[in-house]
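Enquirer: Dropping a structure here in structure tokens format, bear with me for questions.
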Amino acid sequence: MGRDVASLALTMKALCIPLMWELDPRVVPKPFDAQTYESTKPLRIGFYDYDGFVMATPGCKRAVAIAKRALQAAGHELVAYTPPRVEFAYASLSVPLTLADGGKMMISHLKHESVDPALRSFVLSTSTPIFIRRIMEILIRPWNWPLAKYFGAVSGIRNITAFWQAENAKDEYANETMKRWKELKLDAVICPGFACPAQLEGRGLRCVGACSYPIIYNLIDFPAGALPITTETEEDQKALELVKPRNWFETGIWKSTRGALGLPIGCQVVALPFQEELVLRVMRDIESKLSAVDE
């Protein structure tokens, strides 16, 4: 985290030094690639404002459009892109693998801690016996499939065989994503960093589906960075009322965004593994052109 992209690059330069892998041999010995970061070579960059699973709010879509114009002003080629099978990656891989034990380890660490009000519902759902969560998934499925998927995802993974099957599916998903990038000859991708603006206090869990945008890249270990693009406007709030949310995930996102006037909205930059310098380079180019293309 930093005040600007230059600060992030300076931090990476300070950390990507031989001392780091001397202290911990498990660290990849990869010095900072200044040539990639400082390059002015035009790139081919994919963009999307809808991942095929959860709609982003109008303000978040506008932020991606601004970032797209900034990159075009910097001389880059922008092409439409859609990530593969985000619903599957989110509900069948990311959340279950994160909570493979049904959240038992996480809850054990929170046992004697004060829980933020925004997380109480989540902590309650992961504290409920797993068999009850699975029953809830079955009972809710006919009338609210997103909520049913949530209960199924936070129930963890049933056994070791299922765990290794999920790990294998994760690798296949990474390969599928890389294949699509190669077919489109993409150097990087921009998209919403979250499906909604920054949240007002206490509203965090309402937008649990909003993390579908960053979580898939966390799952497959693609480097990503986010930078502020704009803020929620009156026009964004009005546009929000013109779009009807289609499911439980989006209803929560829409409710949490009402009243978020003036709160920051970011954009996410993603690259292939071990291309952190390229992420920073694209972020730098967006940042440098923002004032010229904003709004």
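Enquirer: Tally time: how many residues in segment 146-181 are more than 22 Å from the chain's Cα centre (by Cα) and surrounded by fewer than 16 Cβ atoms within 10 Å (Cβ to Cβ)?
Expert: The total comes to 7.
Enquirer: Quick one: how many residues across segment 243-278 are open to solvent by 10 Å² or more (accessible area, probe 1.4 Å) and either hydrophobic (A, V, I, L, M, F, W, C) or without any contact (Cβ under 8 Å) to a residue 24 or more places away in the chain (or both)?
Expert: The qualifying residues number 10.
Enquirer: Residues that are crowded, with 16+ Cβ neighbours inside 10 Å and touching an Asp or Glu at 6+ places or on another chain (Cβ under 6 Å): list the helices (runs of 4 or more DSSP H) wholly contained in segment 25-135 that include at least 3 such residues.
Expert: Ranges flagged: 58-73.
Enquirer: Separate question: Within segment 182-206, how many residues are out of contact with any strand residue (DSSP E or B) (no Cβ under 9 Å at 6 or more places or on another chain), open to solvent by 70 Å² or more (accessible area, probe 1.4 Å) and of a type in the set (Lys, Arg)?
Expert: 2
Enquirer: Take the conditions over 30 Å from residue 230 (Cβ atoms) and among the polar types (S, T, N, Q) and apply them to residue 108. Does it pass?
Expert: Yes.
Enquirer: Within segment 262-277, work out how many residues are closer than 18 Å to residue 64 by Cα and more than 17 Å from the chain's Cα centre (by Cα).
Expert: 2
Enquirer: Continuing with this model, one more query. So how many residues does segment 106-141 have that are within 26 Å of the chain's Cα centre (by Cα) and among the β-branched types (Val, Ile, Thr)?
Expert: The qualifying residues number 4.
Enquirer: For residues that are in contact with a Ser or Thr (Cβ under 9 Å, 6 or more places away or on another chain) and assigned to a loop (DSSP other than H, G, I, E, B), scanning just segment 212-228, find the one that is surrounded by the fewest Cβ atoms within 10 Å (Cβ to Cβ).
Expert: It comes out as 220.
Enquirer: Looking only at residues in segment 229-262 that are among the basic types (Lys, Arg) and part of a helix (DSSP H, G or I), which one is modelled with the lowest pLDDT?
Expert: 255
Enquirer: Of all residues in segment 229-242 being open to solvent by less than 20 Å² (accessible area, probe 1.4 Å) and farther than 30 Å from residue 143 by Cβ, which is farthest from the chain's Cα centre (by Cα)?
Expert: 236
The values are calculated or read from the model by the stated rules, or taken from the named source; none is laboratory data. All values derive from a computational prediction rather than experimental measurement. In this analysis, Cβ positions are derived from the backbone assuming ideal geometry, glycine residues included, and neighbour counts consider all displayed protein chains. Keep in mind that these areas ignore ligands, DNA and RNA; they rest on the heavy atoms of the full protein, side chains included. Shrake-Rupley method; radii C 1.70, N 1.55, O 1.52, S 1.80 Å.
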